[in-house]
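The values are calculated or read from the model by the stated rules, or taken from the named source; none is laboratory data. What you see is a predicted model, and the numbers here were worked out from it, not measured in a lab. Glycine gets a Cβ as well: all are built from the backbone with ideal geometry, and neighbour counts include every protein chain shown. Keep in mind that these areas ignore ligands, DNA and RNA; they rest on the heavy atoms of the full protein, side chains included. Shrake-Rupley method; radii C 1.70, N 1.55, O 1.52, S 1.80 Å.
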Amino acid sequence: MKDKLHISELKSFKEKYEYILKTKGLEDFQISFSSKKTLIKSLDLADYYDDNKTLKSRTTLENSFYHKILKGSAEGKVLCRTFEFKKKPVALVSPIIIENKIIGNLFLPIKEDPPSRVKEIIFDFKNEIENKISKTELEFKLNSSNKELSNKLLEIESLIDITEIIDNHEVVKENLFQNILITIISILNSSKGMILLKDEKGGFFSVISQFNILSEDLPKKIVRITKGILKDLNNDRRSKIIDETQNYELLKSSKKNCIVSPIISSGIIEGVILLFDKESRNGLVKFTQQDLRLFDSLVKKLSLAYDNIRLIDSLKTSNKLVENIMSSITTGIIMINVLGEIEFVNNSAKKIFGFSEEGALNNHYFMIFQNNTHLIELLEKSENLDEVLYEENFKIQDQKDTSKEINLTLSPVYNEENQKSGVVFSFEDLSGINKVKSTFKKYVSENIVDELLQNETSLELGGTQSEVCVLFCDIRGFTSLSENMKPPDVVYLLNSYFEAMIDVVFANNGTLDKIIGDELMVLYGVPLKSKNDCQSAVKSAKEMLKALENFNQENTKLNLPKLEVGIGVNFGKVVSGNIGSERQMNYTVIGDSVNLASRLCSHAKPGEIVISESVFERLNNHEGFIEKPSIKVKGKANLIKNWISF
């Protein structure tokens, strides 16, 4: 009892352990850890951590207090790699367990069963370690969750600010970009900055807005994309931090570093944003990677808006409805935490539902949406699922019991520990002209947009029978892969992957029908036909695999995982056109030939292209394909002939 009391009074676990070693019967007591290195270090037990040691042997499969292990047993031989039996035939082994996972073992060699006093000391020491680690880990998770929530809230608020500025302007004007620049500078605490836009006729870049930059530091010569920082941005096509600012004429006035990003429209750099030197209470400091992520999100929103502005402007001469589409672009955002309480609402959300911010914040969604039972059911479903839910033409009632329709998305939000921290409820009002806007947004391929602009009847329901080559490309094992990644890394990886693949599709005159999770569905033959759509599809498939190799090489440099895909291609008759209802329609293809292409994609192994007989017969060159045994696919009574790339 005296030993136990003295051990409990010692503050350091290292001191406790050293004292235990001086206790009779515990002179050979040993401890070793193989997990939770940071936490073990905080207990002053880092000397006993070794992740190369084999601690997770068969002896630790049962979560009992201790096991008696014979030295000559299989378990004993495993433990000999870590512990010393000290010429004793048996050892007591007690696992240290955190969250049902074994992170280490306590080990005492014995000749005979030790007295209860010895076991009690080991038991108390084990409990102290487990309790301290659990408490410390909980504190770390709480701090991490709060930090992640603050960062996400800042990002959402910043995106809302940029969205509101853009929604208040109909065309590209100097005051629009000046407001955007000042807002971004304020969000990132930058000391100064400038935006350059490309002249549509001359192709050179000029400053359209600047803040706090001296006249002598503004560009005096014509700025082109072939030199300096613009050349680097054109090559990299991503936001980046520049520390060696002295190497660039446009960044020469920086004292710390700069954060820069291209404004990309339809794959072409139309402008750049340059921010200089972050301000802090201690003076100028360097921008961080967290700043870069936030900055990149804001500029991508601006790039998307720039695309919309350019598209709307080009449509004005052919259809006056487009002006109404631009003026009615509104996205409502409501943020709900894990307790079901509303933490954030934007102006569009308040306008659509008709409630006040004061009446909504910190209240449970049950209270706010009590006259929308179907919406409450959908929110409850979203709380129990780890997936994004979509609903189109969803009926709601506002605070005045006025019926409305919205397109809504319920997206789960996760923290850095991949734990669910809430739901983001985003929605678009489909009233009036927004119906046309929603239709346009469903067309992600230039081919389909052109078809809509050239033919007014394309906005009507209906379809025609066509012979089309359909390609499906699916990432193998992406679900399990993404479980081990942070949400921002998953989004970055997917966006980069889709950009690489879709560039290949468009280069071969393919039409992107839709993106289904991590799968691409591509059409060849509608709305535009080529001399040999099957050849174009197969050429795309081969180039997609080559592009994926280059993509994976670049990802390796960023410590991102390697992706593998399987591709299926089939040719046949389909029904193509606007499928849906008068309120909601999608330009797509349906039919048995589409289903077979999907089945072939499912059959393809990583790195394989599987084509049907109808595709193989239409190829100009059969090189690179070998016939495989016919396969049985779902929905087909007969076996399907197939050829696989090699």
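Quick notes
- Extreme residue, farthest from Glu200 (Cα to Cα), among residues of the stretch 295-318 that are open to solvent by less than 20 Å² (accessible area, probe 1.4 Å) and at pLDDT below 85: Leu298
- Taken as a whole, the condition of being out of contact with any helix residue (DSSP H, G or I) (no Cβ under 6 Å at 6 or more places or on another chain) and surrounded by 15 or more Cβ atoms within 10 Å (Cβ to Cβ) does not apply to Ser581.
- Subset of the stretch 235-267 [more than 24 Å from the chain's Cα centre (by Cα), more than 18 Å from Leu294 (Cβ to Cβ) and not hydroxyl-bearing (Ser, Thr, Tyr)]: Asp243, Glu244, Gln246, Asn247, Glu249, Leu250, Leu251, Lys252, Lys255
- In the stretch 90-129, of all residues being under 44 Å from the mean Cα position of the chain (by Cα) and small (Gly, Ala, Ser), the one that is surrounded by the fewest Cβ atoms within 10 Å (Cβ to Cβ) corresponds to Ser94.
- If you check Ser630, Ser598 for being of a type in the set (Ser, Thr, Tyr) and surrounded by 18 or more Cβ atoms within 10 Å (Cβ to Cβ), only one passes: Ser598.
- Some residue of the stretch 329-345 being open to solvent by 60 Å² or more (accessible area, probe 1.4 Å) and without any contact (Cβ under 8 Å) to a residue 40 or more places away in the chain: yes
- Test: residue in the stretch 626-644 that is of a type in the set (Gly, Ala, Ser) and free of Cβ contacts under 8 Å to residues at least 24 places away in the same chain: yes
- Every condition in (1) at pLDDT below 90; (2) buried (at least 17 other Cβ atoms within 10 Å of the Cβ); (3) more than 25 Å from the chain's Cα centre (by Cα); (4) among the hydroxyl-bearing types (Ser, Thr, Tyr) holds for Ser190 except the one numbered (1).
- Residues located in the stretch 214-234, provided they are more than 33 Å from the chain's Cα centre (by Cα) and closer than 18 Å to Ser190 by Cβ: Leu214, Asp217, Leu218
- Filtering the stretch 374-397 to residues that are more than 22 Å from Lys351 (Cβ to Cβ) and of a type in the set (Val, Ile, Thr) leaves only Val388.
- When restricted to residues that are without any contact (Cβ under 8 Å) to a residue 60 or more places away in the chain, surrounded by fewer than 19 Cβ atoms within 10 Å (Cβ to Cβ) and among the hydrophobic types (A, V, I, L, M, F, W, C), the stretch 243-294 contains 3.
- Scanning the stretch 574-609 for residues that are over 29 Å from the mean Cα position of the chain (by Cα) and under 19 Å from Leu639 (Cα atoms) turns up Gly591, Asp592, Ser593, Leu596.
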